[in-house]
Amino acid sequence: MHIGLIDADSHHFPNLALMKLSAWHKARGDTVEWWSGFSQYDRVYISKVFDETYSPDILEPVNTREIIKGGTGYGLDNRLPDEVEHVYPDYSLYPKLTKETAYGFLTRGCPRACSFCIVAEKEGRASKKVADLSEWWYGQKYIKLLDPNLLACPEHMDLLGKLADSGAWVDFTQGLDVRLTNARNVELIRCIRTKNIHFAWDNPAQDLTEHFQQFKDLSGIKDYRKLGVYVLTNYGDGETPEEKLENALRRINTLRDLGYSPYVMIYDKPHAPRAIRLVQRWCNNRLVFGAEPDFYKFDPKRG
Ligand code: SF4
């Protein structure tokens, strides 16, 4: 078969599903290439991770006998067949992005089911082990882990141990759940080579201060630049603009006082109150944030 591939998102992050489909077809003797308007295909796969807001839909190609669309951008009920899911990805599709880097999941799913997140609905309301590290890491220098909530998996201690033993630089791209850190797993996390670790404090109604304090104490990490925390703002209809601002500043200031680097994310940014957008400008500019700890003294003309 002659297979064409289309990555409908930007090409700044490799599309793991397409890499696996490519490897699976090549192993069967099929020819695989990025789709071109000058070829004729038996099948074209179009993969889209993001929805219309970030990745506009693309026109369907006519130079193929069959089109298969997949990815969360096309809905939550499509997934790779098991025999494709577990093949070693074809890294030659993204030679620059995947140089010395392995991408993959050890677990899927999350028990939290946050209302703004699709993971629980798509992958299940529990974190379950889906692969061994040896399935997709062949000694590369860097590992990009895509797991949504690794620490919620009952086997996470074993998985963390394998990551530590690899000696590779590990990037927990989706962050770690600070509520699930404890003395035992923090000890293992400290044995893993990481440039920085990040968490999230999305829900202002939950007070995570004690969890962040505990992680700081247990890990002994002093450098705030190595500890990032995403702070989701402007989410929830029940809050006034003043409450949204207060909720954002409370989390940001708490995190900074504890020795973390907060990073503001804005839900529905085009409709966010101006004050929230200013908070983002103040907080996410490290030079400005370091120089002026009081948001109310922040001068937007200089930031
Ligand atoms: S904890 Fe993270 S992965 Fe889990 S549902 Fe919430 S946002 Fe999604």
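Quick rundown of the values:
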read-out	value
On Cα atoms only, tilt of 209-219 relative to the major axis of the chain in degrees	70
Derived scalar couplings ³J(HN,Hα) [the range 101-112; Karplus, 6.51 cos²θ - 1.76 cosθ + 1.60; whole Hz; x for Gly, Pro]	10, 9, 10, x, 10, 9, 9, 9, x, 7, x, 6
Aspartates and glutamates with Cα under 16 Å of residue 244, excluding same-chain neighbours fewer than 8 positions away	202, 207, 268
Cα gyration tensor category, rounded, prolate or oblate, for the range 1-88 with a/c compared to 1.5	oblate
Cross-link partners of residue 226 among lysines (Cα-Cα below 26 Å; sequence separation of 8 or more within a chain)	96, 99, 141, 144, 162, 195, 216
Percent accessible area from carbon and sulfur atoms, the range 1-88, protein chains only, probe 1.4 Å	57
Net lengthening on full extension, residue 271/residue 128 (0.36 nm per residue, minus Cα-Cα)	47.8 nm
Net charge dipole size for the range 206-303 [Lys, Arg +1 and Asp, Glu -1 on Cβ; Debye, nearest 20]	600
Accessible heavy-atom area order of 105, 212, highest first, probe of 1.4 Å	105, 212
Ranking by accessible area, most exposed first, for 35, 137 with a 1.4 Å probe	35, 137
On Cα atoms only, tilt of 241-258 relative to the major axis of the chain in degrees	90
Share of carbon and sulfur in the accessible heavy-atom surface of the range 119-174 [1.4 Å probe, %]	48
Heavy-atom surface of the chain, accessible at 1.4 Å and reported per residue (Å²)	54
17 Å Cα-Cα reach of residue 69 towards lysines, excluding residues that sit fewer than 8 places from it in its own chain	20, 48, 122
Nearest-0.05 FRET efficiency for residue 194 and residue 88, computed from C-beta distance (R0 25 Å)	0.55
Inter-probe distance in nm under a simple model that places probes 7 Å from Cα toward Cβ, at residue 51 and residue 13	1.6
Neighbour cut-off at most 11 other Cβ (10 Å), DSSP loop, trypsin sites (Lys or Arg not before Pro), the range 1-109	28, 65, 96, 99
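The values are calculated or read from the model by the stated rules, or taken from the named source; none is laboratory data. The structure displayed is predicted, hence computed values, not measured ones. Ideal geometry is used to build each Cβ from the backbone, glycine not excepted, and the neighbour counts take in all protein chains shown. The accessibility values were calculated without ligands, DNA or RNA, using every heavy atom of the protein model including side chains. Shrake-Rupley method; radii C 1.70, N 1.55, O 1.52, S 1.80 Å.
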